[in-house]
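What follows is calculated from the coordinates using simple rules that are stated; it is not laboratory data. Keep in mind the model is a prediction, meaning the values are calculated, not measured. FYI the Cβ positions are ideal-geometry reconstructions off the backbone, even for glycines, and counts take in every protein chain you see.
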Amino acid sequence: MTADLQACIDGFLAHQRALGRKYRSEQATLRLLTRFATEREITDIAGLTAGILDEFFASRPRPRARSFNQLVG
């Protein structure tokens, strides 16, 4: 089963907000991930493999471990 990446992200954010969470910084991070995936012509959630996510993390270097962990989270 494949699902549109943006629809999955929108659904995830809607669910978190329904639980009373704001998820503003996470939305910004997910927007970066969506842009990264679009540049690589990945349009469905199945295309986000561990290797692609590693590339994404490597493309967003962070000077502090806390900042990197927030990105990964």
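Summarising the amide proton neighbourhood of residue 60: residues at separation of 5 or more, or on other chains, whose placed amide H is nearer than 5 Å comprise an empty set.
Label zone (residue 52, point 7 Å along Cα-to-C-beta; backbone nitrogen cut-off 13 Å) within region 3-19: 3-9. Near residue 5, within a Cβ-to-Cβ distance under 15 Å, what is the net charge of the other residues, with Lys and Arg +1 and Asp and Glu -1? Once positives and negatives cancel, what remains is -2.
When the helix-only estimate is applied to the chain (DSSP H runs of n ≥ 4, each -39,500 (n - 2.57), divided by the residue count), what is the mean residue ellipticity at 222 nm, nearest 500 deg cm²/dmol?
Numbers: 4 runs with 48 residues, N = 73.
After summing the helix terms and dividing by residue count, I get -20500 deg cm²/dmol.
So if R0 is 25 Å, what FRET efficiency would residue 29 and residue 64 give, r being the distance between their Cβ atoms, rounded to the nearest 0.05?
Numbers: r = 16 Å, r/R0 = 0.62.
In this case the efficiency is close to 0.95.
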